[in-house]
Amino acid sequence: QVQLVESGGGLVQPGGSLRLSCAASGSIFSINRMGWYRQVLGKQRELVAVITSGGSTNYADSVKGRFTISGDNAKNTVYLQMNSLKPEDTAVYYCNAFLVVLPGTPQRAYWGQGTQVTVSS
């Protein structure tokens with residue numbers, strides 16, 4: 001059983017910062033990629049940032065220069081440092097991981113339960 005547990009969401013004023021964390025636990029052979037997506041009620045879930053096990057990163061244009069994704073392979077953990085937050089960043093943020101449970105089996109996508117980020121004065 002694989003679990004992704006997120007933490008760090010909350011309420012912050014415009015211009016403020018938050019740091020999200022996501023730890024993967026359970027029967028994991030390898031993690032190929034971890035990342036963050038976000039979703040606003042009534043809209044599609046969208047990619048925010050991803051990082052591969054080799055350290056390559058990719059960001060949505062809307063967060064480039066403000067958000068930084070990083071990972072700790074030894075801890076199976078990914079972080080999202082969010083600076084200069086804007087009201088339009090308000091959403092539920094979901095952690096995602098593409099990982100392999102058993103050697104020789106295909107990777108699968110796993111999701112966390114989501115954490116609310118609200119940017120408001």
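The values are calculated or read from the model by the stated rules, or taken from the named source; none is laboratory data. Since this is a predicted model, take the numbers as computed values, not measurements. We place every Cβ from the backbone using ideal geometry, glycine too, and count neighbours over all the protein chains shown. Protein only, heavy atoms only, side chains kept; ligands, DNA and RNA dropped before computing areas. Shrake-Rupley method; radii C 1.70, N 1.55, O 1.52, S 1.80 Å.
Tell me, which residue of region 46-95 that is in contact with a Cys (Cβ under 9 Å, 6 or more places away or on another chain) and among the aliphatic types (A, V, I, L, M) is farthest from residue 2 (Cα to Cα)?
80
A quick yes/no check of all residues on (1) exposed (fewer than 14 other Cβ atoms within 10 Å of the Cβ); (2) at pLDDT below 95; (3) among the acidic types (Asp, Glu):
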position: 17; (1), (2), (3): yes, no, no
position: 24; (1), (2), (3): no, no, no
position: 52; (1), (2), (3): no, no, no
position: 60; (1), (2), (3): no, no, no
position: 68; (1), (2), (3): no, no, no
position: 78; (1), (2), (3): no, no, no
position: 83; (1), (2), (3): no, no, no
position: 94; (1), (2), (3): no, no, no
position: 102; (1), (2), (3): yes, yes, no
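Are there strands (runs of 3 or more DSSP E) fully within region 34-112 with at least 2 residues that are touching a residue at least 40 places away in the same chain (Cβ under 8 Å) and more than 12 Å from the chain's Cα centre (by Cα)? List them.
So the answer is 91-100.
Can you tell me how many residues within region 29-48 are within 22 Å of residue 102 (Cβ to Cβ) and hydrophobic (A, V, I, L, M, F, W, C)?
3
Can you tell me which residue in region 32-50 is modelled with the lowest pLDDT, limited to those that are open to solvent by 30 Å² or more (accessible area, probe 1.4 Å) and of a type in the set (A, V, I, L, M)?
41
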